[in-house]
Amino acid sequence: MLIESVPNFSEGRDRGKVDALVEAMKIPGVFLLDREMDPDHNRCVITLAGGREPLMEAVIRGVGKASELIDLTKHTGAHPRIGAADVVPFVPIAEATLEDCVGMARCVGEEIWRRYQIPVYLYEAAATVPERQNLENIRRGQFEVLREEIASVPGRRPDFGEPRIHPTAGATVVGARKFLIAYNIYLNTPDVQIAKKVAKAVRFSSGGLPCVKAMGLLVRGLAQVSMNLTDFERTSVARVFEQVKREAARYGALPLSSELIGLIPKRALEDAAACSLQIENFDSSLILENRLAAVMRSQTANLSENK
C-alpha cells in the first residue's frame, strides 16, 4: 500500500521553519517527494509518500511541529488559512483505495486533537456532512472568523475536539481525495480585479469548468489566477489554460506564465501536450518511456513464468 500526503503549512517565508517541519516528518518508510515555499501566499506545501502507519505518524508530527513554530495571530499572506497546519489530505497511489485514505484521515484527526488540542475538521471524501466536502466552506472567514464562531455557531463545531480554537495554531483540516493539481497562472497585469473576474468565470461553483476551483490573488506584484484541478481527466490543464487566456483577453490581459505547486501526474502532462499539439493518433503508448516500461514489464513477466 502506497499513500501520498500533501500537508500545507502556513509558513512560506522562513526557510529555517520549513526545514524544521520537514525534519519533524522524517520517519523510516516515508519519502519526501517535494517541498514548495511561496512568500506571497506565506505557505509551504510538502509532498510525502509512504505506507499507512508511518505516513500517518509523520504528518501528525508535522502538525505538532507547526503548532510550535507558527503563530496565526501574527500571520499574513494571500492564501486563505485557518491553521498553522492548514490542510492535510491523503491520496491513494498504489494498492490503496479512497476508503483506505478516509480511514487514515479519521485516525489522524482524532490523534491531532488528542496530542495537541488542535480541533480538526474532515473534508472531501472523509467529510461527515455534505457541506464540508468543499474545503472553502470550512475555511470561510479564515482563522479570525473561525476563532469567533467555533463555539457559537453549531455548523462550525469541529469533527474532533472541543469547540475552541487553538490560540496560535488554529484548526486543521484533514481529508481524503483523488490526486489534485495545484496550478497558478500569472497575468500580465497588477490588476487583481481582473484575476478575480477570470477566476469566477473558470471555477465550477460559479458556472465554469468542471472540477476547477479558482480565486484571484495579487502575488509578486501580478494578478494571479490560483487554481486547484480536482480531476484532470475531466478537465485537462491545457483546457484550463486556454479558458483563462480567453477570459483574460476580455479585459485586455494575457497569461504571462504559469506554475505548479507540488507534483503533477505524468498522464496530465501527456494529455496537455497532446491537446496543444493536436496529434491525431496520440495515445500514451507512443511515449518512449512508457513503451520501454511496458516492454520491460512484459519481459519480466515472461521470465517469471518460464522459471
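Looking only at region 20-47, which residues are under 14 Å from residue 5 (Cβ atoms) and small (Gly, Ala, Ser)?
24, 29
List pairs: first residue in region 5-29 and touching a residue at least 60 places away in the same chain (Cβ under 8 Å) and farther than 13 Å from residue 55 by Cα, second residue among the hydrophobic types (A, V, I, L, M, F, W, C) and surrounded by fewer than 16 Cβ atoms within 10 Å (Cβ to Cβ) anywhere in the structure, Cβ distance under 6 angstrom, at least six positions apart or on different chains.
Note: no pairs meet the criteria.
The conditions are (1) in a strand (DSSP E or B); (2) out of contact with any helix residue (DSSP H, G or I) (no Cβ under 9 Å at 6 or more places or on another chain); (3) surrounded by fewer than 17 Cβ atoms within 10 Å (Cβ to Cβ), and residue 47 fails exactly one of them. Which is it?
Residue 47 satisfies every listed condition except (3).
So the check is Cβ under 6 Å with 6+ separation or different chains; which pairs have a first residue in region 203-215 that's outside the structural domain of residue 140 (by TED's automatic domain parsing) and farther than 15 Å from residue 237 by Cα and a second one that's crowded, with 20+ Cβ neighbours inside 10 Å and not hydrophobic (A, V, I, L, M, F, W, C)?
Here the result reads 215/226, each pair linking region 203-215 to a residue that is crowded, with 20+ Cβ neighbours inside 10 Å and not hydrophobic (A, V, I, L, M, F, W, C).
Answer yes or no as to whether residue 53 is of a type in the set (D, E, K, R), over 17 Å from the mean Cα position of the chain (by Cα) and either modelled with pLDDT of 95 or more or closer than 30 Å to residue 215 by Cβ (or both). Please lay out each step first, then the result.
Numbers: of a type in the set (D, E, K, R): yes; over 17 Å from the mean Cα position of the chain (by Cα): yes; either modelled with pLDDT of 95 or more or closer than 30 Å to residue 215 by Cβ (or both): yes.
So residue 53 passes the test.
Just one of 226, 257 is surrounded by 15 or more Cβ atoms within 10 Å (Cβ to Cβ), closer than 24 Å to residue 79 by Cα and in contact with a strand residue (DSSP E or B) (Cβ under 6 Å, 6 or more places away or on another chain); which is it?
Values: 257 fails: surrounded by 15 or more Cβ atoms within 10 Å (Cβ to Cβ).
Just a single option satisfies the conditions, and that option is 226.
Only one residue in 95, 144 is among the charged types (D, E, K, R), at pLDDT 95 or above and more than 12 Å from residue 176 (Cα to Cα), so which one is that?
144
Would you confirm whether any residue within region 284-299 is surrounded by fewer than 16 Cβ atoms within 10 Å (Cβ to Cβ) and closer than 20 Å to residue 80 by Cβ?
no
Out of 10, 67, I need the residue that is surrounded by 21 or more Cβ atoms within 10 Å (Cβ to Cβ), within 15 Å of residue 170 (Cα to Cα), more than 17 Å from the chain's Cα centre (by Cα) and assigned by TED's automatic domain parsing to the domain that holds residue 158. Which one?
When all the criteria are applied, what remains is 67.
From the list 150, 185, which one is crowded, with 20+ Cβ neighbours inside 10 Å, assigned by TED's automatic domain parsing to the domain that holds residue 241 and either in contact with a Lys or Arg (Cβ under 9 Å, 6 or more places away or on another chain) or closer than 18 Å to residue 83 by Cβ (or both)?
Exactly one of 150, 185 is crowded, with 20+ Cβ neighbours inside 10 Å, assigned by TED's automatic domain parsing to the domain that holds residue 241 and either in contact with a Lys or Arg (Cβ under 9 Å, 6 or more places away or on another chain) or closer than 18 Å to residue 83 by Cβ (or both), namely 185.
Answer yes or no as to whether residue 277 is hydrophobic (A, V, I, L, M, F, W, C), more than 20 Å from residue 80 (Cβ to Cβ) and either surrounded by 13 or more Cβ atoms within 10 Å (Cβ to Cβ) or without any contact (Cβ under 8 Å) to a residue 12 or more places away in the chain (or both). Full working, then the answer.
Numbers: hydrophobic (A, V, I, L, M, F, W, C): yes; more than 20 Å from residue 80 (Cβ to Cβ): yes; either surrounded by 13 or more Cβ atoms within 10 Å (Cβ to Cβ) or without any contact (Cβ under 8 Å) to a residue 12 or more places away in the chain (or both): yes.
Yes: the conditions hold for residue 277.
The values are calculated or read from the model by the stated rules, or taken from the named source; none is laboratory data. Being a predicted model, the structure only gives us computed values, none of them experimental. No Cβ is skipped: glycine too gets one built from the backbone with ideal geometry, and neighbour counts run over all protein chains shown.
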